[in-house]
Structure formats: structure tokens, C-alpha cells
1. Given the conditions (1) more than 15 Å from the chain's Cα centre (by Cα); (2) within 19 Å of ILE336 (Cα to Cα), which single one is not true for ASP137?
2. Wholly within the range 172-273, which helices (runs of 4 or more DSSP H) include no fewer than the required count, namely at least 2 residues that are under 27 Å from ASN329 (Cα atoms)?
3. Quickly run through the range 251-261 and pick out the residues that are open to solvent by 50 Å² or more (accessible area, probe 1.4 Å) and either touching a Lys or Arg at 6+ places or on another chain (Cβ under 8 Å) or under 15 Å from VAL306 (Cα atoms) (or both).
4. Considering every residue within the range 208-227, establish whether at least one is of a type in the set (A, V, I, L, M), in contact (Cβ under 8 Å) with a residue 12 or more places away in the chain, in contact with a Gly (Cβ under 8 Å, 6 or more places away or on another chain) and open to solvent by 30 Å² or more (accessible area, probe 1.4 Å).
5. Quick one: would you say LEU332 is open to solvent by less than 70 Å² (accessible area, probe 1.4 Å) and either of a type outside the set (Asp, Glu) or at negative phi (or both)?
6. Residues that are within 16 Å of ligand 2 (Cβ to nearest atom) and among the aromatic types (Phe, Trp, Tyr): does the range 86-103 have at least one?
7. Step by step: first the residues of the range 12-45, then only those that are open to solvent by 40 Å² or more (accessible area, probe 1.4 Å) and touching a residue at least 24 places away in the same chain (Cβ under 8 Å), then the one that is farthest from ligand 2 (Cβ to nearest atom). Which residue is that?
Amino acid sequence: MKAVVYKGPFSVAVENVDKPGIQHPNEAIVRVTSTAICGSDLHMYEGRTAAEPGIVFGHENMGIIEELGQGVTSLKEGDRVVMPFNVACGFCDNCVEGFTGFCQTVNPGFAGGAYGYVAMGPWAGGQAEYLRVPYADFNCLKLPPGNEHETDFILLADIFPTGYHGCELAQVRPGEKVAVYGGGPVGLMAAYSALLRGASKVFVVDRVPERLAKAQEIGAVPINFAEGDPVQQIKDQTEGVGTDKGVDAVGYQAMAHGAAREEPATVLNSLVDTVRATGALGVPGLYVPADPGGPDEQAKRGMLLVSIGKLFEKGLRVGTGQCNVKRYNRFLRDMIIEGRAKPSFVVSHDLPLDQAPSAYDKFDKRIEGYTKVVLHP
Ligand SMILES: NC(=O)c1ccc[n+]([C@@H]2O[C@H](COP(=O)([O-])OP(=O)(O)OC[C@H]3O[C@@H](n4cnc5c(N)ncnc54)[C@H](O)[C@@H]3O)[C@@H](O)[C@H]2O)c1
Ligand SMILES: [Zn+2]
Ligand SMILES: [Zn+2]
């Protein structure tokens, strides 16, 4: 079958690889109809992780059940399903508590597994014609048959729940003001989720014009950090107080405000300044324990200079980590079905799998309006 294979920094190729088969009675083989490229894939694509060439990318996957192991009871061939990017068992302590992003059994020695991702276990990615799904009863979310809402439902694999998770970590409540740093797909979904949760005012900070335009389209206030200090711009629009809550949807590859270089702690420190005392920060943006391309020795070891003193002084709470997609995907699916949410406004490109190499290149450069790419094998 055809699959998107990582060849080395800034290089992927569509190649023929072995089609997966059932290896355990609890598994399913899914014929992939949609699979999205994520900002998380770019960390690997840019050589900023320990990913080795040969890995098949793709953790945001949906499709049709092609084949089922004998132990799978809740699904049948032909069912349309979307899978959380997390691979989870459903029975370990963390899964039972709802922390499926930190499953203790699917990636030995580590809490958390995912498809097609470095250090997240042996699970091949779904930017391919077929995907093997373990614990299929637990990991497949059933969707209505047909092809309606295809580009809404694919976002249930990661970015819609992840944006929502950013708001959950920050405990966003009705009426609150929220600052979202990062207007990429995750940031836009965080802003959209904050509005769904009843926020009174939502700011989205970025510098890419198409992304700021999408933020404005959904009713958020765009803040261009290339035009001046974003903290000041937000304070100017909140009577000098700042926001109640903040979401970091950028992570460790944050660009410095006012200089053309990366500064990994910039967004965390801006959020400490943006959010009022006793507020809370949700951090779905990725931070890594080792970054081969980090700007200094500390950053290479995942250690950043965060203003912990001011964070403490302001009594801010911080929530971090991978999204536990299964905690939210059913409810968010139903919001899509009932017409209460339409996250596909974020999708900029629907392309055949063959176009993955150029899509990675353009998405990575954030040019030509590439915001969210969905590939169709
Ligand atoms: N926690 C999770 O489960 C989870 C899931 C998916 C993605 N992620 C992470 O979320 C982050 C965002 O993902 P994405 O797909 O939206 O990526 P993306 O790279 O498309 O978006 C990041 C955006 O941040 C902007 N940016 C850069 N520096 C900035 C700064 N200093 N201030 C404000 N904006 C800045 C960039 O211009 C870009 O538009 C990534 O780190 C990704 O790995 C986490
Ligand atoms: Zn993703
Ligand atoms: Zn588990």
C-alpha cells in the first residue's frame, strides 16, 4: 500500500510499504478515507525530535472498517470510524481515570502512545491506505454512515479535542476573557472551543495573516505579534487587567516577539504576563525533554527559563500535556452532528495522498494559506 514515509529532515516520500494485517483478536484494519497533517508532525519533519527515517507519519485518522479481529464486539465491517491520535488500552489505571493520553500499557516504559509518532510506541501512522488499530472497541469512535461532515469529523482525531482540552486545562468558564497564543489549527480550535464554552472575549495571537483572518471570522480578536508586544495589545483591550485565562497553542518552537529567532519560553512567559492574578493557563502546545535543534544547551535538554517567580506571585494555575481525546470526542462529534459546531472552517486544503511532500513543505513554511491539510488516500 502507499504511505507517507519520513526520509530525514524536511523530506517525506509516498512509498509502497507492507499493508498491515490483524495481529491480535482485539484489532481492526481501517481503510483510511481522511488523514490530516498536524503541527506535531512538523516537529519531526524539521528534524527537531529523535525521529529516525523510515517512520510512517499520521496520527489523525478516520476511515471505514475493512477487517476485524474475532474479539471485537462493538464494530462491524463497513462502519465509519475516527480514532483518537492516542493509542490506549482502556484498562490501565490512567485509562480508567480518563487519562487515555497517558496509557501505561501501549508504549512500555512510557505513559502515552500514538500512531506514527516518535517515542510513542510501535504504532504505524495512518497517512497511508490502511491503518492497524489495537483495542478497536475502545479506540474507534463510530460516525454516521456516508460521507457527510468528513472534514469536520477528521478533526475529532486530534485538533478539535486538543483545542477543547486547552480550555479544559485552563478551566474556561462562561463570560471569561481568554488569550490564545498560536493561530495554527490547535490555536484556532482552542479559540473556537472557548467561544463554544461561552467566553465573552477571545484573543488569538499569531503573525500569519490567513490564520489571524480565520480567528476574526469565528468572532475572536486577532493580535499580530509582529506589530508590537502582544501582552500590551491585549492589556490595552482589557482595561489593563489582562485576561482571565490563557492557552499556549504554540509550544517550544515559539518565535521571539520582535526578533527573527526561536525563543522556546516566550509564549509561557507572555501568558504569565497576559493572564490576571489567580487565573489559569492551559498548555496543549508541545514541550519536549530533548530538542536536538534547541537554541542553547539548556533548551537542548528541554530546560527553559520560565518566570516561575511571577507565576507563583500571581497564583496562576497551569495544566499541561497530551490531550485525552477520548474524554471529549463523543460529545464534540455530537455537536457536529447536531449543527452546533463546524470545526472544518480551519481546513485549508483537501488533497490526494500523493501530494503529501509538497503539502508538508508548504504547511511547514506556513505559506499559500496552508493552515490544515487533510489527505485522502
Ligand atoms: N497536547 C496535544 O495533545 C497536542 C495535540 C496536537 C498538537 N499539539 C501541539 O500544539 C502546537 C500547535 O499545533 P498546530 O498544529 O496548531 O501547529 P502550527 O505550527 O501550525 O501552529 C503554531 C502557530 O504558532 C504561531 N507562533 C509561533 N510563535 C508564536 C508566538 N511567539 N506567539 C504567538 N504565536 C506564535 C505560528 O505562527 C503558528 O501559526 C504544536 O506544538 C503541536 O505539537 C499538541
Ligand atoms: Zn495532530
Ligand atoms: Zn491504558
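The values are calculated or read from the model by the stated rules, or taken from the named source; none is laboratory data. Predicted model only: the values in this text are computed from it and were never measured. Note that we place each Cβ from the backbone using ideal geometry, even for glycine, and neighbour counts take in every protein chain shown. Calculation scope for accessible area: heavy atoms of the full protein, side chains included, ligands and nucleic acids excluded. Shrake-Rupley method; radii C 1.70, N 1.55, O 1.52, S 1.80 Å.
1. Here ASP137 meets the rest and fails (2).
2. Filter on the range 172-273 gives 185-196, 209-217.
3. Correct list: MET255 only.
4. no
5. Considered against the rule, which asks whether it is open to solvent by less than 70 Å² (accessible area, probe 1.4 Å) and either of a type outside the set (Asp, Glu) or at negative phi (or both), LEU332 comes out as yes.
6. Scanning the range 86-103 turns up no residue that is within 16 Å of ligand 2 (Cβ to nearest atom) and among the aromatic types (Phe, Trp, Tyr).
7. The residue in question is PRO25.
Yes/no matrix, rows are residues, columns are (1) open to solvent by less than 10 Å² (accessible area, probe 1.4 Å); (2) hydroxyl-bearing (Ser, Thr, Tyr):
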residue	(1), (2)
THR238	yes, yes
PRO264	no, no
VAL267	yes, no
VAL272	yes, no
PRO284	no, no
VAL288	no, no
GLY293	no, no
